[in-house]
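Peer 1: What follows is a single structure, and I will ask about it in a moment.
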Amino acid sequence: MAFPTFGARLAETAHVQNILIMILYFGMGMTTEFSLLVKGLKDFRLHIFTQICIFLLAPAVSFFFFYGITQLFDFIPAAVGILFLGALPTTITSCIMLTKHSQGNVVGSMYNAMLSQILGVFLAPMILTLLLRGHIGQIGSLWMIVFSLMQIMLLPLAAGQAIRYVFRSKVLAMGNIPEKVSFNVIFIILYVNLSYLMVSDLFYGSLIQLLVPAAASCIMFMTLMYANWLISGAASFPLPDRISIAYTGTQKTLAMGIPLAVLYFSENPEMAGQVSIVIVSYYVFSIFFSAVTIDKLAAAARRKTI
């Protein structure tokens, strides 16, 4: 019990998670080559379509699952995590790696992942407020949440990019060290939050109520994955773009999701903990399921074009 206890103590220590998130986004700023994004500006049709999938299609599907759960099981607090997933932007690291693995449009994924992260600071809290209206109380101030997200995400990202621009040769000489630091910080944040939940009565006392939304989040991911794939095909996007849309439009950021839950339910830590479990369930499932699924869909699409 000592290992999760240590993580729980970190979670209770003031500003620890904020510092970790700032390190994460600072590293992203140092490792992101914005000059590559300039090349993708001309492909505005792909960008508009992808952002619609992230901030319109996903929230609509998430509300459908949230409504279904509340109708079948009455109101389950953890089901709010479904709405959080719908509102969140995509994750930068995994969607780019998965797109590259499947020979998709990597520049398109990189551009839309970065764009969604920036837009998500403003859009995610607003979408959540719209979806949660009338369903739940004890919500933090919307503008304070946006301001906090700007401080701990956008400012470190800009600082990292400035460091990369000014000291480009030194940053490149560091190799993939900043990327590895950012990648490992994600798991430290995950460890801290899961440890906090494991040492509380929340994890075991509400296990059944947590399992239903967690399972629903996995089904929601599969629904979004196939919907993005089919709609992008109907819109006549080339195969590399369809792969990019499928990954970028369905992956959801753990790095923003958990801190957003903490900020959004600043007066209701129990709700924040339940939402975090649903976000983690979706994140883990999406990584494993998407890597297998898109390869098969892409292979089938290639056979049809031969």
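All of the numbers you see were taken from the coordinates with simple rules; none came from a lab. Just so you know, these numbers come straight off a predicted model, no measurement behind them. All Cβ positions, even for glycine, are placed from backbone atoms using ideal geometry, and neighbour counts span all protein chains on display.
Peer 1: Using alpha carbon coordinates only, what is the Rg to Rh ratio of the stretch 209-305, with Rh defined as the Kirkwood radius?
Peer 2: Using Cα coordinates only, the ratio equals 1.09.
Peer 1: Continuing with this model, one more query. Rounded to the nearest 0.05, what FRET efficiency do residue 129 and residue 270 give with R0 = 22 Å and r taken as the Cβ-Cβ distance? Could you check?
Peer 2: 0.65
Peer 1: Same structure again: Hey, could you grab the Kirkwood Rh for the stretch 92-132? Inverse mean 1/r over distinct alpha carbon pairs, Å, one decimal.
Peer 2: It works out to 11.2 Å.
Peer 1: Output the pairs from 170/252; 180/252; 100/180; 42/180; 42/100; 180/296 with a Cα-Cα distance over 24 Å in this structure; if there are none, say none.
Peer 2: The pairs that break the limit, which is 24 Å between Cα atoms, are 170/252; 42/180; 180/296.
Peer 1: Over all alpha-carbon pairs in the stretch 12-125, figure out the percentage whose distance exceeds 19 Å.
Peer 2: Cα-Cα pairs in the stretch 12-125 separated by more than 19 Å: 57 percent.
Peer 1: Just to confirm my numbers, what's the Cα centroid distance between the stretch 49-93 and the stretch 235-286 in Å?
Peer 2: Cα centres, the stretch 49-93 to the stretch 235-286: 9 Å.
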